[in-house]
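This report concerns only the one structure given below.
The values are calculated or read from the model by the stated rules, or taken from the named source; none is laboratory data. This one's a predicted model, so the numbers in the text were calculated from it and none came from an experiment. Methodologically, a virtual Cβ is constructed for each residue, glycine included, from the backbone with ideal geometry; neighbour enumeration extends over all protein chains shown. Quick note on the areas: whole protein, heavy atoms, side chains included, nothing else; ligands and nucleic acids left out. Shrake-Rupley method; radii C 1.70, N 1.55, O 1.52, S 1.80 Å.
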Amino acid sequence: MRPHPSGGPMTPAAHPLGTLIADRRLEAVPRAGEGAPFPLALELGAPYPDPDPSGDWICPCRIDGLDGSEVHEVHGIDGIQALTLAADLLRRLLAQEAEERGLTFTWLGEPGLHAADVLH
């Protein structure tokens, strides 16, 4: 068992971001002939105070379904700024992956969407 980012205990079934406060599920669609569509989840965890006494706030986020599904810890001067910056990071990462891989997205049943269409 590893500790929760806020310092409290984390159960084995807990979410990698701690408390998940928002997510968006969509399908990534590669260019024709470059693979099958695959699910993605854009996820934001609850902001929490940085355990470093001189720190501010941290908001964990990730795009689950991409290589590694890396958890990013985004820092801000308070919880709102950390949350806003984390959402901005997800937007930039999704746009970068879409450009590099030639992806479009299906969200709410609507195909052919670009990153800006699913996160704006």
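Cβ-Cβ below 7 Å, separation at least six or inter-chain, first residue in region 99-110 and open to solvent by less than 70 Å² (accessible area, probe 1.4 Å), second of a type in the set (K, R): which pairs? That search, which allows pairs on different chains as well, returns G102/R31. In this entry, R62 passes the filter for residues that are surrounded by 15 or more Cβ atoms within 10 Å (Cβ to Cβ), of a type outside the set (F, W, Y), touching a Gly at 6+ places or on another chain (Cβ under 9 Å) and not in a loop (DSSP other than H, G, I, E, B). Residue count for region 38-59 under the criterion of being surrounded by 15 or more Cβ atoms within 10 Å (Cβ to Cβ) and either in contact (Cβ under 8 Å) with a residue 60 or more places away in the chain or not in a strand (DSSP E or B) (or both): the result is 6.
Mind checking whether some residue in region 25-43 is at pLDDT 95 or above and over 27 Å from R101 (Cα atoms)? So far as region 25-43 goes, no, none of its residues is at pLDDT 95 or above and over 27 Å from R101 (Cα atoms). Pairs linking a residue in region 82-96 that is more than 17 Å from R25 (Cα to Cα) to a residue that is open to solvent by 40 Å² or more (accessible area, probe 1.4 Å) and of a type in the set (F, W, Y), with Cβ atoms under 8 Å and 6 or more positions apart or on different chains, are A82/W57.
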